[in-house]
Amino acid sequence: MPTWAGLFSSCDAGSHEPRPEWVSKLDYSLPGHYVGVGSAEKDGKSRDEQSKSSEENAKSNLIQQIEVTIKAETEQSTRVSKQGVQQDATSKVSVTAEEVLRDLKVKGRWLDKDSCTQYTLIAISKESVAQAKREKIMKNRLEKFKLELAEGSDRDKNRDIKVRRKHLDDAQALLADTDFGLLPEELGKEVYTKRLNEVLGQLGREAAEVKGRTALFALNQDGKLRADVLGKMLDQLRSSDNTTDRLMADCNTADDCISRAKERGFTMLTLLKANSRVEISPMGALKGTLTISRTVYDIESGKVLKGADTVSAQVIGWSNEELDWNAAAEKAMQGLK
């Protein structure tokens, strides 16, 4: 059992060197480095436990200093950006202290013989922190490139060719500014450039397919005509003009049809509006009237270039099943040619 006097005795293992400046001076600095000083009392710890605790406290102190500096740099960059001088958002990318501790070094240890307090000095170069920040900027930029490339490649998600083109243009700019020398684990700029060029090529072919062509859409205004009747009318119109393309997607209004054609890269749209009406004749027969109008739009401006040209055709039957709307469509389309 140790005596009470032994518990309060000085440390036999204490350092023989005088108290270092970095222990005594609260604002101690090391040129070109961030420094942290930590201490740990004995409190029943083993020598290794005390040393480790002191080092962890020093690391915590260092982290606080780095994070304060990083925060100040980020806030300053934000203020400059708002003034319109700095527009590159990546300049505001910051790193956490934990991301730069890979180059952390213990610069000194000192054990106070009087109090048994262990002191540790650790440091990391400011250049190492700056390097980590540059790497983080490149990593973020590459991730953003991958996201933009994915958006520009997803035809199902982004049907509008211009929207996809904007994503790919942004991806191209990001890739050009990415320094792969700071990203040694990545595939390399050549691989990503090839992927981007493949998508750009596909988009170019897609745009070329519709360049100078006219989209065809049909609106079933009363919702009563069968889809096959509408399709037949569009096919008849397309057969008379080989510069037109029938779009299979549905649209609900003229503006919606224009928007969907624009998404596909078309510059012109021919829109058929169909409406059917059934009346009872004095003889008790059913008289069906199909009215079709054709309007040609300039997609960019939304202005009408031609039309609306309107024609009607009638069919007779003693029941709804006997009304031959296909025949009515054939007659009406003959009137539009």
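Selection of first residues in segment 123-142 that are within 21 Å of Gly108 (Cβ to Cβ) and of second residues that are modelled with pLDDT of 85 or more and of a type in the set (Val, Ile, Thr), restricted to Cβ pairs under 6 Å at least 6 apart or on distinct chains, gives the following pairs, ordered by first then second residue: Ala123/Val35. Pairs linking a residue in segment 285-301 that is closer than 21 Å to Thr267 by Cβ to a residue that is β-branched (Val, Ile, Thr) and not in a strand (DSSP E or B), with Cβ atoms under 7 Å and 6 or more positions apart or on different chains, are Tyr297/Ile258; Ile299/Ile258; Ile299/Thr267; Glu300/Thr267. Just one of (1) under 25 Å from Ala207 (Cα atoms); (2) open to solvent by less than 60 Å² (accessible area, probe 1.4 Å); (3) of a type outside the set (A, V, I, L, M); (4) assigned to a strand (DSSP E or B) fails for Lys306. It is (2). What residue, of Asp241, Asp179, is without any contact (Cβ under 8 Å) to a residue 60 or more places away in the chain, surrounded by fewer than 14 Cβ atoms within 10 Å (Cβ to Cβ) and closer than 30 Å to Lys303 by Cβ? Matching residue, one of Asp241, Asp179: Asp241.
Out of all the residues in segment 251-266, which are β-branched (Val, Ile, Thr) and surrounded by fewer than 17 Cβ atoms within 10 Å (Cβ to Cβ)? Of everything in segment 251-266, just one residue is β-branched (Val, Ile, Thr) and surrounded by fewer than 17 Cβ atoms within 10 Å (Cβ to Cβ), namely Thr253. When we screen Leu225, Leu290, Leu234, Leu269 for residues that are outside any helix (DSSP H, G or I), open to solvent by less than 20 Å² (accessible area, probe 1.4 Å) and at pLDDT below 85, the only hit is Leu225.
Residues in segment 317-327: is at least one surrounded by fewer than 17 Cβ atoms within 10 Å (Cβ to Cβ) and within 30 Å of Arg164 (Cα to Cα)?
no
Counting the residues of segment 272-285 that are open to solvent by 60 Å² or more (accessible area, probe 1.4 Å) and outside any strand (DSSP E or B) gives 2. The condition of being out of contact with any Cys (no Cβ under 9 Å at 6 or more places or on another chain) and of a type outside the set (Phe, Trp, Tyr) holds for only one of Leu272, Leu219, that being Leu272. Looking at Arg159, Arg165, Arg141, Arg109, which is the one that is at pLDDT 90 or above and open to solvent by 60 Å² or more (accessible area, probe 1.4 Å)? Being at pLDDT 90 or above and open to solvent by 60 Å² or more (accessible area, probe 1.4 Å) holds for just one of Arg159, Arg165, Arg141, Arg109, which is Arg109.
Each row is one residue, and each column tells you yes or no for (1) β-branched (Val, Ile, Thr); (2) modelled with pLDDT under 85; (3) assigned to a helix (DSSP H, G or I); (4) open to solvent by 50 Å² or more (accessible area, probe 1.4 Å).
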site	(1), (2), (3), (4)
Pro2	no, yes, no, yes
Gly44	no, yes, no, yes
Glu55	no, no, yes, yes
Ser60	no, no, yes, yes
Gln64	no, yes, yes, yes
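Scoring Glu198 on the criteria (1) of a type outside the set (S, T, N, Q); (2) touching a residue at least 40 places away in the same chain (Cβ under 8 Å); (3) assigned to a helix (DSSP H, G or I); (4) more than 30 Å from Thr295 (Cα to Cα) leaves a single failure, condition (2).
So which residues in segment 114-138 are surrounded by 15 or more Cβ atoms within 10 Å (Cβ to Cβ), assigned to a loop (DSSP other than H, G, I, E, B) and charged (D, E, K, R), if there are any at all? Matches in segment 114-138: none.
The values are calculated or read from the model by the stated rules, or taken from the named source; none is laboratory data. All of these numbers come straight from a predicted model, not from anything done at the bench. When we count neighbours, we look across all protein chains shown, and the Cβ atoms used for this are built from the backbone with ideal geometry, even at glycine. Quick note on the areas: whole protein, heavy atoms, side chains included, nothing else; ligands and nucleic acids left out. Shrake-Rupley method; radii C 1.70, N 1.55, O 1.52, S 1.80 Å.
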